[in-house]
Every structure is written in structure tokens, then in C-alpha cells.
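Structure first, commentary second.
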Amino acid sequence: MNAAVRIDPETGLKVFNTRAAKASEKIAGKGYSVVTDQKLTELPEMPAGATFNAEEQAKYLAFKEARRGAADYMAMEGEFKKYLDDVYSEPPIPREALDDECEILVVGAGFGGLLLWQKLSQAGFTDVRFCEKGGDVGGTWYWNRYPGIACDVESYSYLPLLDETGYVPSMKFASGFEILEHCQRMAQKFGFYDHCLFHTTVEATTWDEASGRWIVETDRGDKMRARFVVMANGILTAPKLARIPGMEKFKGESFHTSRWNYNIDLSGKRVGIIGTGATAVQAIPELAKVVGQLYVFQRTPSSIDVRDQRETTDEERETWAKEPGWARARRARFARISEVRAAVLANDDYLAGKIQDFKERKKHDRELSREELMQKQLDSSFRLMEQIRARVDAIVKDPKTAAALKPYYPYGCKRPTFHDEYLPTFNLPHVHLVDTAPRGVSEINERGVVHEGVEYPLDVLIYATGFQWMGTSTFNRIRGRNGRTLTEKWETEGTRTFLGLHTRGFPNLFIVTGPQGGGGSFNFTDVIYAHADYLVWVLQTMRERGARIVDVRKEPEDKYAEHCRVVDLATAPLRDCISYYNGEGKAAPGSLAYYGGRQWDKYRMEAQSSLAPYVFGGDPN
Ligand SMILES: Cc1cc2nc3c(=O)[nH]c(=O)nc-3n(C[C@H](O)[C@H](O)[C@H](O)COP(=O)(O)OP(=O)(O)OC[C@H]3O[C@@H](n4cnc5c(N)ncnc54)[C@H](O)[C@@H]3O)c2cc1C
């Protein structure tokens, strides 16, 4: 067997063999099924002419305000740390701690890390090292393996490097298990495994001015020096728990959805699931097929749009086999859709390039003011939400349950979800919706969940309570110039980046898909591609100029941060609810996701042509 760390005699670089084996063959599953009952795959008619009038606005406002401050999340620390254990892999491969240097160190082996490696290595950057907390590649798709998991952006546009690997996803919305396999395919094809230290968590990243290097320390005792550090550590990586009194008392089995415990046999059991966000919506129909009794504890309902899952057709396979670059072209078309619902419906004829546009564009008699345009958008969001609410009534038989499942906020304000089996699940006699609106579950005890004086005894309790958004959990461990952490900088100055990728005072550090950089696009892969291409450009530019250090100037950073604030505020009415996108209603405008759309490209192109935002420096020694 190969050593965990060895030297490649040709390049003199270290080569790693740290990928952990899968913990158990029980870890397997599928995503969305193809549903044949047409009634379940259609939304009811759109209520023509309905507007988001004062009465409806008041209803949305009351729905929002009742929940203000109810979200009380906590990190998994102390006795809850066990929920973070890697249940998917065999124990870490033993290896020596590293005390050496590489040119580029990347944190994370999800889509971001994998794509970066493919692009960097193609551009001739080979002294690249990856640190990944998990035992294998995949990131999101490594950690999330709950039953029913699938992507919500169509897989032909979402999965990276389809052209380069020759792979065609089996379904329009591939299961998470298939996506994980694709990640492994990408890693194998491009030699990623040789470069990655798995089961290695970066704990501190500190700039050393004297040497012009970052010092990267890990939980494996490594102390590595790197000229460049790339944070590709994801947007939804650190799981969180809702803080509920008595959680520590529960005597049954419990886990978070991002560490699904396949060693627990759920068949016939009394199972509770807390949370009804995007994960729960996918998992609940599958759970209901197995468990004895299912209790769904809901504080805020998700919008359940149609999924209309289908298999990839033979015709598509044949066409794409003859069409080099088909996936790239499709992703580019997908990126042109700026409206949430049009994007998620993913019109096949348009995406396949058979028709020129994805919908008929409305022509107005005169140019509309900004306010009028906003009202039009709010009205159409309202009509769509009316359809979504009508769908609940059309499918869910018990009127009280149906009423509780109806969301009152603009479409896309919370992560939109899609399912054709979720709503009918609530008609099953062993599935119980426990409406805990608006404040959430009040208590957990030894036996189960208690809400409003009623005890729900459980064998297993599953936390579908989501993730910290935008990697905010790691920024306190990055220490830049003058010993200041990223968190300290952003707490005192407000979130400040240039393009989301650079932040002044943190030279040679790049943040992929972080605050102000991504998140406003429906297809994260698009953002990851844009960031990876940009990063390769920066590194090549530096190589050409003989520069060793890059930082950004204050003015362009301030201007860009202001731009993020302005576009966030301008589009805020479309996202007027309490959600993780806006830090549960507490984040400063423009400090998290980026809502500027293609304006990001404008800023990028200007910077690339003038080079004005950058301060390039030489090697200090
Ligand atoms: C259930 C689910 C479904 C989703 N579906 C979609 C979808 O349909 N479409 C879409 O566009 N997006 C979707 N997303 C968002 C998804 O996260 C992104 O699309 C994409 O996979 C992110 O890739 P990434 O490489 O940037 O981050 P990740 O996939 O999160 O990978 C980051 C990696 O960094 C590692 N890491 C973090 N901190 C450290 C550290 N300190 N040291 C070492 N390693 C570290 C993590 O272990 C992780 O493996 C979904 C997210 C979830 C959770």
C-alpha cells in the first residue's frame, strides 16, 4: 500500500494518499422519484389579476413579525459536538504532521476545490495542496446523504466538468449520491486525490508579513506555509442546531441531517424531525415510507413548488454525445435566466438551444418607474405564491394541516423547495404535522419533544435545522496583516471585499463563493466557475508581472461594498422575510449574498483591464 505521504521523484512535490474508505455499504440512497400522477406535478391555475395589495401585504408582515427573534441557533459545541462526527468514512488514515511549504493551499474539496484544481493544473499551477475536513471529496454532497437528497438546479447545468468527464447525469435532478460519485469521478480523472489531505481541518490561517506567506495550522498538527490560500470552504458547510431547552436530556437516538446515521434502523420507529426547510422537504417523503410514526415539527412552512422529475432521455444522450461542449453551452444559457422560477423550471427547449428565449417577454406601453417595476415583480411573486398555496389545498386533505403548510412570504425569500411527494405525505395516517408556529418547539425531554403541553414520545429525533450561511464560522480563524482577524475587520468596518474574493489587509487570500461574491445566482456552479477563472487570471497575471503578493486598495473595496449594499436594498422587498439569506433578519444590507447579478462581471472586467484595484508587491525575502 502507498504511504500516506510520499515524494514524487519527478516533481519533488509531496503526493498524498489520505482518502478514507466508506464507512458502510448501508450508506446509499436515491433522490426524487419520477411521479406519474400528473395532478401532483402541476400547479393550480395562476389567479389572473391578483395583486399584492395592502391586505395581503399586512398578512405577510404579520407572518414575518411573529417569527422575528424566534430563530435561535447554536453551533455544535460541548456535548453537541458529537453531531459533527464524520459518520461516512472509516477513521482517518494515519500520517505524519506536515511542516513544509506549498505554493497554493486550498481549504475544501467540494465543487469549489475540485474545479479549482482542474483549472489551476491546466494553467500550469501544480504545487497546490487541499485540506478537507471530510474523508473524501464532494463537500456538500459528501456531508449530506439523507434519504431523498437531490440537487434543485437541473443537474445538466449544475454538475461541473460534464464535458471534460464525458458524464451525463441519469436524471434531470440527480440524487446527492450520484453527485457524490461525480465528484469522485472528477477527482480521479484529474489526479486530485494526490493533492488532498483528507480528514484535515484547518484551524488557523495566519499571515506572516516577514516571509510573505500564510501559516496554515490544522487539527492534525500540521503547520504549513503557503504563498496563497484559497478558502473554498463552502456556503452551507457548518451545521447548526436550534437551541431548544432540554435538548441534552433526550435518551433516544438523535442526529443532524448532514450526518445521517445509517446504523440506526428507522423501520417501524417513532421518528421526529425538527425543521421543514429544503432538506426536510426532501427527506420527509422518504422517511414516511419507512418509519412507524413520523412527527414533523414545523415553525415556518417552505414553498413547495413542483419538481417534475424525469430521466435523461436517449435522444439527449445521443445529441450530447455528438455535441462537444454541450454542458458548458447549457450552463451559459441557464445563467441568462434571471428570474427565480423560470430558472428552476429549467425549460428544456431553451436550455438545449432549440428555442431562443425561455419565455415571452412582456412589452409595456411605456417605460415603467423603478417602483412600478418592483410592484409588478411583487405582484407576480404573490400570484405564484397563491398557486403554491392553492396546491396545498388541492393535495392535503385535512384543512388544519393544509392551513399550517401555507407559506406567506415572497417567492424565493427563503430557499424555494420542490417536491411532488411531500404534500401528499401529510395525508398518510402515520404522518403528523406538529405546527409550532411562530416560535418553534418549546422543549425536549428524556422521551421526546414537548410542545404546548403535549408530549410526543420518540425513538429517534432528527435535526433538520440547517447550516450557518456563508462560512461565517471560519472567518474568526483567519488573521491577516497587523494580526487582525477577518471577523474583527468586518465587525468594525462592515463586510468589505473586492468581488467577494479579496479583502484588504489579507494579501494572497481568496474567498470563493463567500459574502458579496456569490449566492445571488441560482446555480452555484456558475459562481464557482466564475471565481475559479478569476483566480487563475490573478495568479497568471502575477506570474507574468513577477509579482508575489497581491492586495486590494481601499477605494475600490469601499465602492464595491457600497454597490453590494445598494443592490441588496434595492431588491430587498422581493426577499422580505426572515431567512438565513439575511442572517435571520439581522445582517447589514449587502453583507452576505450578492444580488447584483451580472454587475459582478462588470466590476471584474473593469478591474482586469485597468488593474487599478490591485496592489502588487514583490517577495519580502
Ligand atoms: C442539501 C443541499 C443541496 C444543495 N443544492 C443545490 C443546488 O441544487 N444548486 C445549487 O446551486 N446549490 C446547491 N446547494 C449549495 C451547495 O453548497 C453548492 O452548490 C456547492 O456544492 C458548494 O460547493 P463548495 O465547494 O463551494 O462548498 P462545499 O460543497 O460546502 O465544500 C466545502 C468543503 O470545505 C470543507 N471545509 C470547511 N471548513 C473547513 C476547514 N476549516 N478545514 C478543512 N475543510 C473545511 C467542508 O468539509 C466541505 O467539504 C445545496 C446545498 C445543500 C446543503
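Below, the figures for the structure above:
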| quantity | calculated |
| --- | --- |
| Residue within the stretch 354-374 that is closer than 25 Å to Thr165 by Cβ and without any contact (Cβ under 8 Å) to a residue 40 or more places away in the chain present | yes |
| Residue check, Tyr581 in contact with a Gly (Cβ under 8 Å, 6 or more places away or on another chain), assigned to a helix (DSSP H, G or I) and modelled with pLDDT under 95 | yes |
| Unique residue being more than 9 Å from the ligand (Cβ to nearest atom), open to solvent by less than 30 Å² (accessible area, probe 1.4 Å) and small (Gly, Ala, Ser) when the list is Ser170, Ser175 | Ser175 |
| Candidates Arg67, Arg6 - the one that is over 23 Å from the mean Cα position of the chain (by Cα) and open to solvent by less than 70 Å² (accessible area, probe 1.4 Å) | Arg67 |
| Tabulated pairs, the stretch 98-119, first on the phi > 0 side of the Ramachandran plot and at pLDDT below 95, second away from the ligand (no atom under 11 Å from the Cβ) and open to solvent by less than 10 Å² (accessible area, probe 1.4 Å), C-beta under 6 angstrom, 6+ apart or interchain | none |
| Boolean, Glu42 is out of contact with any Ser or Thr (no Cβ under 6 Å at 6 or more places or on another chain) and without any contact (Cβ under 8 Å) to a residue 60 or more places away in the chain | no |
| Meets criteria (part of a loop (DSSP other than H, G, I, E, B) and surrounded by 23 or more Cβ atoms within 10 Å (Cβ to Cβ)) for Gly221 | no |
| Residue satisfying all of: in the stretch 513-572; more than 22 Å from Phe334 (Cα to Cα) and of a type in the set (Asp, Glu); nearest to the chain's Cα centre (by Cα) among these | Asp568 |
| Qualifying residue in the stretch 283-293 (condition: closer than 25 Å to Glu42 by Cα, away from the ligand (no atom under 16 Å from the Cβ) and touching a residue at least 40 places away in the same chain (Cβ under 8 Å)) | yes |
| Among residues of the stretch 115-155, those that are open to solvent by 10 Å² or more (accessible area, probe 1.4 Å), near the ligand (Cβ under 6 Å from one of its atoms) and among the hydrophobic types (A, V, I, L, M, F, W, C), counted | 1 |
| Odd one out for Arg415 among (1) open to solvent by less than 60 Å² (accessible area, probe 1.4 Å); (2) at pLDDT 90 or above | (1) |
| Qualifying positions in the stretch 546-569 - out of contact with any Gly (no Cβ under 8 Å at 6 or more places or on another chain), touching a residue at least 60 places away in the same chain (Cβ under 8 Å) and assigned to a helix (DSSP H, G or I) | Glu557, Asp558, Tyr560 |
| Counted residues, the stretch 570-594 - those being acidic (Asp, Glu) and without any contact (Cβ under 8 Å) to a residue 12 or more places away in the chain | 0 |
| Within the stretch 437-487, considering residues that are out of contact with any helix residue (DSSP H, G or I) (no Cβ under 7 Å at 6 or more places or on another chain) and assigned to a helix (DSSP H, G or I), the one least open to solvent (accessible area, probe 1.4 Å) | Gly483 |
| 1 or more residues more than 21 Å from Ala464 (Cβ to Cβ) and in contact with a strand residue (DSSP E or B) (Cβ under 6 Å, 6 or more places away or on another chain): qualifying helices (runs of 4 or more DSSP H) within the stretch 35-151 | 111-122 |
| Enumeration of residues in the stretch 70-104 that are open to solvent by less than 60 Å² (accessible area, probe 1.4 Å) and acidic (Asp, Glu) | Asp86, Asp100, Glu103 |
| Subset of the stretch 123-161 (residues that are more than 27 Å from Ala283 (Cα to Cα) and either in contact (Cβ under 8 Å) with a residue 24 or more places away in the chain or touching a His at 6+ places or on another chain (Cβ under 9 Å) (or both)) | Ala123, Phe125, Thr126, Asp127, Val128, Arg129, Phe130, Cys131, Leu161 |
| Hey, Val271 within 16 Å of the ligand (Cβ to nearest atom), among the aliphatic types (A, V, I, L, M) and open to solvent by less than 10 Å² (accessible area, probe 1.4 Å) or not | no |
| Restricting the stretch 513-545 to residues that are open to solvent by 10 Å² or more (accessible area, probe 1.4 Å), on the phi < 0 side of the Ramachandran plot and not in a helix (DSSP H, G or I), the residue that is farthest from the ligand (Cβ to nearest atom) | Gly520 |
| The lone exception for Thr200 - which of (1) more than 28 Å from Gly618 (Cα to Cα); (2) more than 9 Å from the ligand (Cβ to nearest atom); (3) in contact (Cβ under 8 Å) with a residue 40 or more places away in the chain it fails | (2) |
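The values are calculated or read from the model by the stated rules, or taken from the named source; none is laboratory data. Since this is a predicted model, take the numbers as computed values, not measurements. For neighbour counting, all protein chains shown are included, and Cβ atoms are generated from backbone atoms with ideal geometry for every residue, glycine included. Please note that ligands, DNA and RNA were not included when accessible areas were found on the heavy atoms of the full protein model with its side chains. Shrake-Rupley method; radii C 1.70, N 1.55, O 1.52, S 1.80 Å.
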